Structures are given as C-alpha cells and as structure tokens.
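Note sheet for the following structure.
The values are calculated or read from the model by the stated rules, or taken from the named source; none is laboratory data. Computed from a predicted model, the values in this text were never measured in an experiment. When we count neighbours, we look across all protein chains shown, and the Cβ atoms used for this are built from the backbone with ideal geometry, even at glycine. What goes into the accessible areas is simple: the full protein's heavy atoms, side chains included, and nothing from ligands, DNA or RNA. Shrake-Rupley method; radii C 1.70, N 1.55, O 1.52, S 1.80 Å.
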Amino acid sequence: MALLTKAPPRPPAAPPGRARRRDRGYLPYLIPGVLLFVVVIAIPLGMNVAISFTEWQGVGSPDWVGLEQYRTLFADETFWISFRNNLALIVAMAVVPTFLGLLLATALFDVVSKRHPRTTSTLRAAFYLPQVLPAVVAGVVWGWILHPEYGSANALLRFLGLDSWTQNWLGDENTALLSVMAVLVWIQLGYPLVIFMAGLQRVDPELYEAAELDGASWWQRLWSVTVPQIRPEVFVVLLTCTIAALKSFDKIFVLTRGGPGGSTNTPSYFSFQNFFEKANVGYGAAIATVLTAIIVGLTFLFLRAQSRREP
Amino acid sequence: MTLRRNLVLALLVVLALVTLFPFLLVALNAVKSPADYAANGPLGLPESLHLQGIVDFWNRVDFGLKLANSTVIAGSVAVLAVGVSIVTAYALGIGRIRGRLWIVAVFLLANLMPQEVLVYPLYYLAKEVGLYDTKLAVIIIFTAVQSAFGTYLLASVLATFPREILEAARIDGASRWQVLWRVVVPISWPTLSVLLVFFFIWTWNEFFIPMIMLISNDNQTVPVALGVLQGQRLMDATAQSASALLGILPAVVFFLIFQRTLTRGIAVGAIR
C-alpha cells in the first residue's frame with residue numbers, strides 16, 4: 001500500500017512502570033469507538049443470537065424454544081435452496097469476476113498500458129463505473145432492461161430477428177437466477193480489475209523477461225508468473241467478494257424479491273422475509289445467526305490458508 | 001505482434017463499450033416521451049428532448065429532499081466515522097494499549113457482521129429509545145459500522161507512524177490530545193481523506209438498514225426511495241428509466257470528482 005510510511009527502527013522500550021502509566025493515558029481515547037461498537041454491534045449481535053432460541057412475533061414476550069428454530073431450519077427446503085442460490089451468487093460475484101478480472105487486468109497491463117496510458121485509465125474507469133452505483137440503482141437499471149414487455153434486452157433480440165429467444169428474464173424460474181448472475185458480474189467486474197492492475201505494478205518486469213526467454217506462452221506466464229506474484233490481491237478479492245455475495249440483499253430485493261417461486265431467494269433475503277414480512281422473528285434470527293457463523297468461519301479459513309502460503 | 005496487440009486493444013474497447021451500454025440506454029430513454037417509447041421501443045434514438053418524464057419523477061419522489069437526506073446522512077457518517085476511527089486508532093496504533101491486537105481483531109470481526117444479524121435488534125432498540133424513523137439512528141449505526149473498518153485500517157497505519165516525530169512533539173511539551181490533532185491527523189491526512197470519500201460513498205449506497213429504519217417519505221434516502229418504488233413494481237417504462245438516470249447521476253458525479261482518490265485509495269477499499 002503506497003499510503004504507508006516506512007517504519008523506523010523502534011526506540012528502546014520504556015521501563016515497565018512508565019509504560020503502564022502511558023498505557024492508561026490512552027484509554028479514554030477508546031471510549032467513543034468502543035461505546036459505538038458495544039451499542040450498535042455487540043449488543044444487537046447478542047440479542048439476535050438470543051432471539052434465535054425463541055419463538056417471537058416481534059410483540060409481546062418471546063417464548064423460549066431452545067434449538068427448535070435451528071432444527072426446523074435444517075429441515076427446511078427453502079433454506080437449503082436459498083443456500084444453493086447463494087453458491088450461484090458466489091460464482092457470479094467472486095469466481096467469474098476474479099477470473100475475468102485477471103484476464104482483463106493482464107491484457108490491459110501488458111498490451112495497452114505501456115503505449116497508451118490515457119486509454120488504459122479510461123478503460124479502467126469504464127469497467128469500474130458500475131461499482132460506484134448504489135446496488136439498488138444497478139437493480140433499477142437492469143430491472144428495466146430485462147423487463148419482458150418493454151425491456152431493451154428483448155427489444156434487441158426482436159431487432160436481430162431472434163424473437164424465439166425473448167424471455168421473461170427475471171420472471172421465469174428457469175432464467176431468473178442466471179439473469180441475476182449476469183447482472184452481478186456486470187456490477188462486480190471493475191473491482192478485481194482495479195485491484196489486480198494495482199498489484200501488477202508491483203511485479204518485477206525481469207520475471208516476465210525471464211519467462212519470455214524460456215519461451216513461455218502468454219497463458220503460461222499468466223499462471224506461473226502473474227498469479228503467484230499477485231496472490232495476496234487474489235486472496236483479498238476472493239474473500240471480500242465471497243462475503244459480499246453471502247450478504248446479497250439489495251440486488252435481490254430490487255431485481256426479483258427472491259422469486260419467482262423462491263428461485264433467487266438467498267439466506268439474507270429469507271431472513272428479511274421472516275423478520276419483517278412473516279413476523280417470524282425467532283426463525284429470521286436463526287437464519288441470520290447461521291449466515292454470520294458461515295461468514296466468520298469462511299474468513300477464518302481464508303486467512304489461515306493465506307498465512308500458510310506466505311510463511 | 002502489433003496486430004495481436006491491436007486486436008486485444010479492440011476487444012478491450014468493445015468490452016468497455018458493452019459495460020457502458022446500459023448507461024447509454026438509460027440516458028437515451030430517460031429523455032423520451034412515453035408515446036415515443038411506445039412507438040419506437042427502447043432502442044431507437046429519442047425523437048425530441050422530452051424532459052417531462054424526469055421532472056415528473058423528480059416531483060413524484062420529491063427527489064430534492066431525498067438528495068438532501070442522503071447528503072446529510074452520508075456526510076455526517078463520513079466525518080464522524082473518520083473522527084471516531086482516528087481517535088480509537090490513536091490509542092491502539094500509537095498508544096499501543098495492552099491487548100490491542102485483540103481489540104483490532106474484534107473490530108475486524110465487527111466489520112464482517114452481515115447487517116441481517118444486527119437489523120432486527122437495532123430496529124427494536126431504535127423503537128424503544130424513540131429513534132426509529134430518524135436520520136440520527138441511521139447516522140449512529142453507520143458511524144459504528146464504518147468506524148469499525150476505519151479503526152482496523154488506521155490502527156495498522158498508525159503503528160508505523162514515525163516515532164521520532166512523536167517524541168519531538170512530546171519534548172516540545174505537547175499533550176496527547178495536541179499530538180493527535182496537530183501532528184498525527186495532519187500527517188495522516190492522505191489516508192484520512194481516502195477514508196472520508198469511501199465512507200461517504202459506501203453510506204450513500206446503503207439500502208437494507210436505511211430501508212428498515214426510515215419508513216416516512218421525509219426521511220428516506222435516494223437508494224431507499226428508488227429501491228422501494230422498484231420493489232413495488234409500480235413504474236412504467238419511462239418512469240423507470242428516469243428513476244435509473246436520477247440514481248446514476250449522483251454516483252457519476254462522485255466518481256468524476258473523486259476518481260483520483262478512488263483509484264489511489266482502492267488498495268484501502270480492498271481490505272473491505
């Protein structure tokens with residue numbers, strides 16, 4: 001990160017008595033941050049876990065039911081389908097953008113950036129633009145484009161004489177999830193692209209020259225020089241995009257509301273439905289708790305894998 | 001070799017145009033009259049510049065008010081969250097309080113929490129203390145969420161702060177508070193300004209918690225107003241493209257203003 005100043009050698013440690021006094025002097029500075037954390041994150045998190053052990057409609061007093069919500073949850077087909085859909089969203093938001101982003105970033109970096117630096121930054125900006133939009137607005141844009149009657153997607157197909165290809169993209173169980181996935185790729189692609197291009201500037205050009213001397217093809221260079229060199233970036237992108245995919249609420253809310261027939265439902269949206277539409281608060285809390293456990297567990301695994309690769 | 005280079009360049013340009021095509025479609029159709037749209041569909045060029053659709057949509061959602069609400073909320077959160085982050089990170093990164101690694105890890109974990117796991121208790125608590133359906137509730141919540149990230153990031157940035165500068169300031173008799181505001185903040189300003197921009201845009205783009213918290217029209221933000229309307233499926237084709245255009249414009253303005261900060265600071269955003 002270019003923003004970091006270089007660390008100077010540390011001064012010798014102060015004697016323990018003094019250090020402790022100095023230590024305490026800084027404690028008041030923690031108060032606002034810790035207070036906000038406790039009120040907005042720790043307490044609600046604890047409450048949510050507690051609610052997940054109850055049957056509660058949001059009014060009156062909750063009834064303690066122990067693990068009953070979780071038992072129902074693991075036997076609930078809707079829940080499993082929402083998870084399968086979430087895997088599809090991870091493919092669309094993490095796997096495909098990482099792969100495409102890698103290809104585009106290397107192509108831009110190798111082929112264009114040295115000769116046309118202005119073109120490179122314009123192209124990068126073009127790919128990044130969907131990332132700056134509120135997800136909701138991206139949803140409004142695509143909800144309109146994919147509309148079965150007046151949308152541009154079907155109009156384009158009719159214009160090309162492909163009338164039989166027209167679909168109710170977001171309203172048909174067979175195409176809704178794929179359509180949502182395509183929109184997510186469009187939204188997400190700029191993010192890995194920009195990160196990878198920043199990472200590529202760090203790679204020593206001599207490595208490429210050496211690979212070229214060895215007669216490596218473009219593909220071989222990509223996999224054996226580029227990817228290992230920018231592995232930290234690849235890890236960060238995969239992790240952050242996977243977590244973002246697990247939290248997909250706004251795009252689903254705007255594009256499909258989880259439908260048709262639950263074919264684009266996600267755990268995030270499913271918990272929202274139970275909280276606010278079905279007044280089944282205990283069940284919603286159980287879904288949210290499981291989702292959180294998965295996100296924390298995944299992060300832990302990712303970080304462990306990363307620290308193993310970089311001894 | 002040159003041929004192949006040009007082919008790759010051409011391919012990249014085509015892909016970029018495909019990415020931008022939806023923006024073009026929105027802009028073209030937002031200035032079409034409903035009759036024009038009905039007759040020629042979404043792909044034709046507008047017959048004349050028809051701004052009534054945008055004006056009607058603006059008035060229908062009271063868009064000026066929504067812009068003001070979004071600006072107040074995102075602006076307050078950006079300033080407050082950067083303030084809280086730098087103060088907390090000062091204690092952790094420069095004060096080197098004992099157990100700081102644990103505290104930083106907790107803030108990192110807080111940053112991972114899906115909003116789904118916080119939303120119902122926050123909704124309940126906000127109703128209990130009378131903050132439900134107020135901008136203040138949303139400002140407090142996102143100050144906490146963004147500063148969890150800011151603290152995590154700044155704690156590691158400040159851990160590498162040049163010690164000799166701090167020592168020099170202390171020898172000159174500066175108190176901790178003075179060192180923070182007169183030395184640490186000015187020197188870390190490049191990082192802080194990046195955080196300010198990101199917090200503003202991230203908060204501007206938020207939907208879920210603002211939608212739950214802000215039910216009255218007078219308090220809603222731009223994404224909440226547009227998202228709820230879209231979710232109700234009550235818009236016709238031209239209203240929908242006007243809605244898309246009005247949602248896109250602020251984002252594009254931010255993008256143009258902050259482009260350098262965004263691309264420079266993207267390494268910061270990467271960690272989120």
Considering every pair of different Cα atoms, what Kirkwood radius, in Å, is found for segment B:168-216? 13.6
Using modelled backbone amide H atoms (1.01 Å from N, in-plane), which distant-in-sequence or interchain residues come within less than 5 Å of A:Thr54's amide H? A:Val65
Peptides B:167-175, A:298-306: what's the order by average Cβ count within 10 Å, highest mean first? A:298-306, B:167-175
Given a 1.4 Å probe, the accessible area of segment B:125-272 per residue, as a whole number of Å², is 38
For peptide B:11-21, the mean count of other chain Cβ atoms within 10 Å per residue Cβ is 5
Taking a probe of 1.4 Å, how large is the accessible area per residue of segment A:71-309, in Å²? 41
Overall dimensions of chain B by Cα: Rg and Dmax, Å: 23.3, 78
Would you mind calculating the relative contact order of chain B from Cα pairs under 8 angstrom and at least 6 residues apart, reporting the percent as a whole number? 30
Estimated FRET transfer efficiency when R0 is 41 angstrom, pair A:Gln57-A:Glu206 (beta carbons, to 0.05): 0.05
Taking each residue of A:277-284 in turn, how many C-beta atoms of other protein chains fall within 10 Å of its C-beta, and what is the average? 1
Sequence neighbours fewer than 8 away in the same chain don't count; with that in mind, list the lysines whose C-alpha is under 25 Å from B:Lys135. A:Lys247, A:Lys251, B:Lys66, B:Lys127
When the accessible area of chain A is computed with all protein chains present and a 1.4 Å probe, what percentage of it is carbon and sulfur? 63
If R0 = 45 Å, then B:Arg98 and B:Leu256, at their Cβ-Cβ distance, give a FRET efficiency to the nearest 0.05 of 0.45
Compute the distance from the alpha-carbon center of segment B:204-219 to that of segment A:259-311, in whole Å. 22
Give me the inter-chain shielding for B:234-245: mean count of other chain Cβ atoms within 10 Å, whole number please. 4
Ratio of Rg to Rh for the protein assembly as shown, alpha carbon only, Kirkwood? 0.98
Per residue, the convex hull enclosing the alpha carbons of segment A:71-309 has a volume in Å³ of 159
Computed E for A:Val227/B:Val13 - FRET, C-beta separation, R0 22 angstrom, nearest 0.05: 0.30
Relative intensity, log₁₀ I(q)/I(0), of segment B:17-83 from a Debye sum that treats every alpha carbon as a point, q = 0.21, 0.22, 0.23 Å⁻¹: -0.88, -0.90, -0.93
Quick one: buried accessible area between B and A, total over both chains, 1.4 angstrom probe, nearest 100 Å²? 8700
With θ set to phi - 60°, apply the Karplus curve 6.51 cos²θ - 1.76 cosθ + 1.60 along segment B:45-57 and write out the HN-Hα couplings as whole Hz, x wherever there is a Gly or Pro. 6, x, 6, 8, 7, 10, 9, 4, x, 5, 4, 4, 5
